Amino acid sequence: MKKQFNTEIDHETAQRLRDKCKELGVGIGHFIRCIIVPDDAEALHEGDDLGFADIPRPTPVHSGENRNDDRISARMSEAEHEVLTRYAIKGELTRSELMRLLISQALEDPQVDIIVERTDWQVERKCRELLNAIRGRKEIKP
């Protein structure tokens, strides 16, 4: 089952994202699904608790209440959403904070075109591999 992920992002960055997606010939949802996948499982939270209650909440840099903000949305598989969640928790961020950070980084990455060349199935498979790696490490630990 697909999960809907939404985040508010400043208008200028959202427009840069739309322009980059148009330039690369990909949809915003595909772009987002591609950039949430870290290189290895070390970037992901290993614990069983996937809540954000223990994440310290500093004063938000982005309040999400600006009328000039744009909403960015992507439909994600269960595995993709879990990877995003584990990635955010490991970085002590909310999913939205992580997404804004990843989008900003990707827009500055000269190799983003290579990242978004992956097919949806390649992204899904990589997410499943990362989650299986975490589960494998948990089984090995005494």
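The values are calculated or read from the model by the stated rules, or taken from the named source; none is laboratory data. Predicted model, so just to flag it, every value in this text is computed and none were measured. Quick reminder, even Gly has a Cβ in these numbers, built from the backbone with ideal geometry, and neighbours come from all protein chains shown. Please note that ligands, DNA and RNA were not included when accessible areas were found on the heavy atoms of the full protein model with its side chains. Shrake-Rupley method; radii C 1.70, N 1.55, O 1.52, S 1.80 Å.
Out of (1) open to solvent by 50 Å² or more (accessible area, probe 1.4 Å); (2) modelled with pLDDT of 90 or more, the odd one out for R86 is which?
Single failed check for R86: (1).
State which residue pairs qualify: first residue under 15 Å from L98 (Cα atoms) and without any contact (Cβ under 8 Å) to a residue 40 or more places away in the chain and inside the stretch 23-40, second residue small (G, A, S) and open to solvent by less than 10 Å² (accessible area, probe 1.4 Å) in any location, beta carbons under 7 Å apart, and separation of 6 or more residues or different chains.
That search, which allows pairs on different chains as well, returns nothing.
Could you list, in sequence order, all residues of the stretch 1-34 that are of a type in the set (S, T, N, Q) and open to solvent by 50 Å² or more (accessible area, probe 1.4 Å)?
Within the stretch 1-34, Q4, N6, Q15 meet the criteria.
Please count how many residues of the stretch 95-104 are over 9 Å from the mean Cα position of the chain (by Cα) and either among the aromatic types (F, W, Y) or crowded, with 17+ Cβ neighbours inside 10 Å (or both).
Looking only at that region, the number is 1.
Of the residues E92, E65, E46, E80, only one is at pLDDT below 90 and either open to solvent by less than 50 Å² (accessible area, probe 1.4 Å) or touching a strand residue (DSSP E or B) at 6+ places or on another chain (Cβ under 6 Å) (or both); which?
After ruling out the rest, the residue left standing is E46.
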